[in-house]
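Just so you know, all these numbers are worked out from the coordinates, no wet-lab data involved. Just so you know, these numbers come straight off a predicted model, no measurement behind them. A quick note on method: Cβ atoms are made from the backbone with ideal geometry, for glycine too, and the neighbour counts reach across all protein chains shown.
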Amino acid sequence: MALMKQLFLTLLGLTGTIEHQTPLAKGQDGHNRFGALQKSIAIVGGGTGGLTTLKTLLEFTQNKGIDWKIDLFEQRHDVGGVWLPDFTETTPPDLPETPLYPRLQTNRPHPLMTIHGFPYPEMTNLYPSHEHVWQYHRSIVDRHSLAPYIHTNHTVISSTWLGNSTQGKWVLEVNTANETTTHQYDHLIIAAGNLHHPHIPEFKGLNEWLRNPASSGRKREVLHSIYYRNPERYRDHSVVVVGGGASGQDIVNQIRGYAKETFHSIRSSGGVKTATWRATKPNISYLNSTSIIFADGSSITSPDSIILATGYELRRPFLTSMLARSIHDKPPYYNSELSTNLRYIRPLHQHILSLSSSHRLGSLYFVGLPTDLNYAGSDVAQALFVANTISNPSMLPSQDSLIAALIDHEASLLEQGFDPEIFGHKTLPTDISGQKYQEQLIEWLRERGASSQEGLPEGKYISKWRKHASANMETLHKAWRKVESLGEDEVRDWLDGVRTEDQWGDLMGRLIALNGYDDLVDHNAQEDQAAGPVSQSICEDVWYGDDCAW
């Protein structure tokens, strides 16, 4: 595997950090390198959503022969979002820059995570480690000449609308190592990611439990999974992992080889694969000085560590106009401010366009809020919506009609048993990987005259091989585990010569077809690997537990 990793890096030819950044003009909008300014746009965030949005907007302007000033602000030293490592030791209340841990791998095949037409290099493991995913983000910058528009080590500390509901500018305060500067933009696109602000549930009696040593004599501790890095830290500990999502399952699988005992607390067992060795418990009810008591009345006294894989809160602290509200507080949409209950931002059209009356319609967008999607493709579909409606505002219906459509949509969700205040920015379970959502965005644009010149594909937005692979994720992962169990030579044989998107699609199709037959023999697969490797799966990491509810 080390040989393949080195080959990957050699093929990509990427090391170091972003270079050749265009200096950021201070004060007013300024002009970009093409000359006269038509529109000015700020993008916040240099992860998947920010980079795909920047790429999409630049291609749109080139196709249309128009001139926009575009700046992307990234607070870290390089692009990549959560995939850019931060393995420094961080303790509360300080937060690490990313929840990424050294043994992290994706839980979905990389061809489903890519920008259309830009696959991973040949010989990349189908379920790559985090280093490969980060390098893919760097390759987007390099291949599409994005560096001049990206400003790393630039933190947006505030964004305020200066104007009214019909006209105005976004005023951004941007902090660098040396100074704070102010900049104005016509449009603000927030693509800042969802894995920054950990959700810490409140447990009755927790402080009492923490004040007393464990039966082993160890000082007890509670940490959110954002701080988790290596399982060796829990050698000979007794650990409770709270949360049945992908990170919770992966952490349980990792630490069980080191911990004396491992308990997994999940809200329900539906949809969560648990191996027979795993001590599964329901959700925690309360704690006292000696014990952790669970919802079924059972209790344990031995644990000295609790790891909270309980998700993240949906905050945008730099967006000064967005209000915080209770999950039970539902202000009227008409003439309302933008608000978040920490899991759902409202009012938004299609999880993208702000419908707040405090700023001009079409001036504020979000990219990357929908959860449990195959990230880059969804982000590009959203970015195409952004680019087209910025270019041609007449595409947008009136604000009142968009709010009426949002109210109808939320009522439909309630009828199907999903409270949007809790369900948040998810697509329906029947919409596999958000494919219908993405195709509906593209069709909406087509119905309003957008075509290939505006960045839309000629045919279906989601290819047949993507649909087939997305519908068979479990089968696909099981088949690839079988391949890996046969050794590196077998893996190399499968990957050799696979370069194009269609070839990756064919590889996954063959794996799906082979699974369940004797063509592959799984010699080494163990029951404790049932959950598979893990990526930052948005559903489980934004919401508490296996059923995506706190």
Problem - Stokes-Einstein D for the range 286-367, Kirkwood Rh over Cα pairs, 4 °C, 1.567 mPa s (µm²/s) - result: 82 µm²/s
Handout entry: Order by protection proxy (mean Cβ within 10 Å, highest first), peptides 236-247, 218-229
Key = 236-247, 218-229
Practice task
In whole Å, largest first, what are the principal axis extents of the Cα atoms in the range 418-490?
Solution key: 52, 37, 15
Completion exercise
In the range 52-200, taking the dipole from +1 charges on Lys and Arg beta carbons and -1 charges on Asp and Glu beta carbons about the Cα centre, the listed residue (Asn178, Ile190, His154) farthest towards the positive end is Ile190
Completion exercise
Note: Ile407 to Asp493 extended length (0.36 nm per residue) minus current alpha-carbon separation gives 25.7 nm
Completion exercise
Relative contact order of the range 163-305 (C-alpha contacts under 8 Å, at least 6 apart) in percent is 23 percent
Problem - Whole-number percent relative contact order across the range 92-212, with pairs defined as alpha carbons under 8 Å at least 6 apart - result: 16 percent
Practice task
Using a cut-off of under 16 Å, list every residue of the range 303-343 whose amide N is near the label point 7 Å from the Cα of Gln105 along the Cα-to-beta-carbon line.
Solution key: none
Exercise for the section: Considering Cα pairs under 8 angstrom that are at least six residues apart, work out the relative contact order of the range 76-153 and quote it in whole percent. Expected result: 36 percent
Exercise for the section: Specify which residue in the list Gly46, Trp83, Asn63 is farthest towards the positive end of the charge dipole of the range 43-94, using unit charges on the beta carbon of Lys, Arg (+1) and Asp, Glu (-1), about the Cα centre. Expected result: Asn63
Problem - Dipole magnitude of the range 382-436, debye to nearest 20 (Cβ charges: Lys/Arg +1, Asp/Glu -1, about Cα centre) - result: 300 debye
Problem - Calculated from backbone phi, Karplus (6.51, -1.76, 1.60) coupling profile of the range 455-471 in Hz, x at Gly/Pro - result: x, 7, x, 5, x, 5, 5, 9, 6, 4, 5, 5, 5, 5, 5, 5, 7
Problem - Taking N as its residue count, the alpha carbon Rg of the range 346-488 over 2.2 N^0.38 Å - result: 1.22
Completion exercise
Expected unfolding gain across Asn207-Lys436 under the 0.36 nm per residue rule, minus the alpha-carbon gap, is 77.8 nm
Practice task
Could you point to the residue in Ala479, Trp444, Tyr461 farthest towards the positive end of the range 419-496's charge dipole, with +1 and -1 charges on the Cβ of Lys/Arg and Asp/Glu respectively?
Solution key: Trp444
Problem - the range 89-194: trypsin sites (Lys or Arg not before Pro) falling in loop per DSSP and having at most 12 other Cβ within 10 Å - result: none
Practice task
Could you tell me which of the pairs Lys39/Lys330; Lys219/Lys281; Lys69/Lys464; Lys169/Lys330 are separated by over 26 angstrom between their Cα atoms in the structure shown?
Solution key: Lys39/Lys330; Lys69/Lys464; Lys169/Lys330
Handout entry: Given charges at beta-carbon only (K, R positive; D, E negative), |dipole| of the range 310-429 in Debye
Key = 340 debye
Exercise for the section: Can you tell me how much longer the chain between Ser452 and Glu89 gets when fully stretched, taken as 0.36 nm per residue apart minus their C-alpha distance, in nm with one decimal? Expected result: 125.9 nm
